[in-house]
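Colleague: Input: one structure, supplied below.
Values in this text are rule-based calculations from the coordinates and carry no lab data. Note that the coordinates shown come from a computational prediction; the quantities given were computed from them, not determined experimentally. So basically every Cβ, Gly included, is an ideal-geometry build from the backbone, and we count neighbours across all protein chains shown.
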Amino acid sequence: DSGVTQTPKHLITATGQRVTLRCSPRSGDLSVYWYQQSLDQGLQFLIQYYNGEERAKGNILERFSAQQFPDLHSELNLSSLELGDSALYFCASSPRLAGGGQFFGPGTRLTVL
Amino acid sequence: AQSVTQLDSQVPVFEEAPVELRCNYSSSVSVYLFWYVQYPNQGLQLLLKYLSGSTLVKGINGFEAEFNKSQTSFHLRKPSVHISDTAEYFCAVSVVYNQGGKLIFGQGTELSVKP
């Protein structure tokens, strides 16, 4: 158990819908990262927040957005969902702004029908 | 730009045999390297990391990796594998910006340990 929690574990929804994925980092970790894992793209970095501020952005679609709240939990919002958004979404956390290691949550499996 | 290449997509091996999972990286700046393991239907677990210092890094579950700067490699080894080591293994490099950072992952190597 890494100490990073993610909810829900599974999510099944329809195209065009909007969903919210939630992540609670390890106690004391200020950085939260979001990654997408799919069969064709592998593990791709989406976005990083540090102490409530966006710090790094990867291949995140405009339909996707994230935020980190004062209690340091984070949410990833996915809207206008398409079939290709079906994937595993991981949240990770680390105590530092960058470098070091990241600790991953169990992931949320999103299925878009 | 930084990148990671895992040279083998699948590695089948018999129980108690040694194994090496190969990883090459490309980076023009200071390198922080990691190996993660993903068991079926689970998240990624950090096996080991190289940040600085000794080039031979020991991790959990009897795994070790050697950082080789001249060959830009960070291969993962275990002298004797168990059935329970069957999983997907990911090599990653940390990219650090002024404002933040991210991990870039390789494509993964599926280790299959057979009795």
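Colleague: Could you please find all residues in segment A:44-102 being touching an Asp or Glu at 6+ places or on another chain (Cβ under 7 Å) and buried (at least 21 other Cβ atoms within 10 Å of the Cβ)?
Modeller: Within segment A:44-102, A:ILE47, A:ALA66, A:LEU78, A:SER93, A:SER94 qualify.
Colleague: With the structure loaded, tell me whether B:SER30 is hydroxyl-bearing (Ser, Thr, Tyr) and part of a loop (DSSP other than H, G, I, E, B) or whether it fails that test.
Modeller: yes
Colleague: Exactly one of these conditions fails for B:TYR36: (1) among the aromatic types (Phe, Trp, Tyr); (2) surrounded by 17 or more Cβ atoms within 10 Å (Cβ to Cβ); (3) within 20 Å of A:ARG96 (Cα to Cα); (4) over 10 Å from the mean Cα position of the chain (by Cα). Give me its number.
Modeller: Failed condition: (4).
Rundown of residues vs (1) under 20 Å from B:LEU46 (Cβ atoms); (2) aromatic (Phe, Trp, Tyr); (3) in contact with a helix residue (DSSP H, G or I) (Cβ under 9 Å, 6 or more places away or on another chain), yes/no style:
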{"site": "A:ARG26", "(1), (2), (3)": "yes, no, no"}
{"site": "A:SER31", "(1), (2), (3)": "yes, no, no"}
{"site": "A:GLN48", "(1), (2), (3)": "yes, no, no"}
{"site": "A:ARG55", "(1), (2), (3)": "no, no, no"}
{"site": "A:GLU62", "(1), (2), (3)": "no, no, no"}
{"site": "A:PHE69", "(1), (2), (3)": "no, yes, no"}
{"site": "A:LEU76", "(1), (2), (3)": "no, no, no"}
{"site": "A:SER94", "(1), (2), (3)": "yes, no, no"}
{"site": "A:GLY105", "(1), (2), (3)": "yes, no, no"}
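Colleague: Another question about this same structure. With within 14 Å of chain A (Cβ to nearest Cβ), of a type in the set (Gly, Ala, Ser) and closer than 18 Å to B:SER3 by Cβ as the only criterion, which of B:GLY100, B:GLY59, B:GLY106, B:GLY43 stands out?
Modeller: Every option except B:GLY106 fails the conditions.
Colleague: Please enumerate the residues belonging to segment B:24-49 that are among the hydrophobic types (A, V, I, L, M, F, W, C) and within 20 Å of B:VAL96 (Cα to Cα).
Modeller: Taking segment B:24-49 as the starting set, the residues that turn out to be among the hydrophobic types (A, V, I, L, M, F, W, C) are B:29, B:31, B:33-35, B:37, B:44, B:46-48.
Once the filter is applied, which keeps residues that are among the hydrophobic types (A, V, I, L, M, F, W, C) and within 20 Å of B:VAL96 (Cα to Cα), segment B:24-49 yields B:VAL29, B:VAL31, B:LEU33, B:PHE34, B:TRP35, B:LEU46, B:LEU48.
Colleague: Something else: Out of all the residues in segment B:70-77, is one or more away from every other protein chain (no Cβ under 14 Å), closer than 22 Å to A:ASP1 by Cβ and not in a loop (DSSP other than H, G, I, E, B)?
Modeller: No: segment B:70-77 contains no residue that is away from every other protein chain (no Cβ under 14 Å), closer than 22 Å to A:ASP1 by Cβ and not in a loop (DSSP other than H, G, I, E, B).
Colleague: Could you list, in sequence order, the residues of segment A:56-113 that are within 13 Å of chain B (Cβ to nearest Cβ), assigned to a loop (DSSP other than H, G, I, E, B) and not polar (S, T, N, Q)?
Modeller: Result: A:GLY58, A:ILE60, A:PRO95, A:ARG96, A:LEU97, A:ALA98, A:GLY99, A:GLY100, A:GLY101, A:GLY105, A:PRO106, A:GLY107.
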